[in-house]
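Reviewing the structure listed below.
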Amino acid sequence: MYDRRFTPEMISELGENEIFVFGSNLAGMHGGGAARVAFRYFGAEWGKGVGLYGRTYAIPTMQGGVNTVKPYVDDFIVFAKNHPELTFLVTRIGCGIAGFRDKDIAPLFADAIDVENVILPRSFVVCLNS
């Protein structure tokens, strides 16, 4: 059961040990949306489209359908479980430029619902509880 805060709609600063989780493309071209915010403000690296860089974690969402996003979300959840000292603020990955809907992406995070250091968007939690 999800019983913690939700990821804010807009993130302009991070608290201590917080990580900005965003949707990227495999090439790491962080030109728009949350990827641009990650690059400009939180240390995402140009050319790096997967994983932890600076105070960000990139999950590729631009390479195909939901089935191509799932392995990256699975890897992220394992990473988060192995790093309980960090708090991961998951944005609505894939629900902007990539064109997915919350109901498409939210189920990929079902295994994160009980991971205390993963903070999800309210819209994802609503979809998971429907």
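The values are calculated or read from the model by the stated rules, or taken from the named source; none is laboratory data. Since this is a predicted model, take the numbers as computed values, not measurements. Ideal geometry is used to build each Cβ from the backbone, glycine not excepted, and the neighbour counts take in all protein chains shown. In case anyone asks, the SASA skips ligands and DNA or RNA and just uses the protein heavy atoms, side chains included. Shrake-Rupley method; radii C 1.70, N 1.55, O 1.52, S 1.80 Å.
Here are the numbers for the structure shown:
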| quantity | calculated |
| --- | --- |
| Members of region 6-32 found to be closer than 18 Å to T68 by Cβ and open to solvent by 30 Å² or more (accessible area, probe 1.4 Å), listed by number | N25, L26, A27, M29 |
| Residue in region 73-86 that is under 16 Å from T7 (Cβ atoms) and of a type in the set (S, T, N, Q) present | no |
| Enumeration of residues in region 78-103 that are within 10 Å of the chain's Cα centre (by Cα) and either closer than 23 Å to G15 by Cβ or open to solvent by 50 Å² or more (accessible area, probe 1.4 Å) (or both) | F88, L89, V90, T91, R92, I93 |
| Positions within region 104-117 being surrounded by fewer than 20 Cβ atoms within 10 Å (Cβ to Cβ) and in contact with a Ser or Thr (Cβ under 8 Å, 6 or more places away or on another chain), in sequence order | N117 |
| Residue within region 55-65 that is open to solvent by 20 Å² or more (accessible area, probe 1.4 Å) and within 19 Å of L86 (Cα to Cα) present | yes |
| Neighbours by Cβ (under 9 Å, 6+ apart or cross-chain): first from region 5-29, small (G, A, S); second part of a loop (DSSP other than H, G, I, E, B) and exposed (fewer than 12 other Cβ atoms within 10 Å of the Cβ) | A27/G47; G28/G47 |
| Condition broken by F100, with the remaining ones in (1) of a type in the set (F, W, Y); (2) within 27 Å of E16 (Cα to Cα); (3) in contact with a helix residue (DSSP H, G or I) (Cβ under 8 Å, 6 or more places away or on another chain) satisfied | (2) |
| Residues (free of Cβ contacts under 8 Å to residues at least 24 places away in the same chain and either among the hydrophobic types (A, V, I, L, M, F, W, C) or in contact with a Phe, Trp or Tyr (Cβ under 9 Å, 6 or more places away or on another chain) (or both)) located in region 54-64 | G54 |
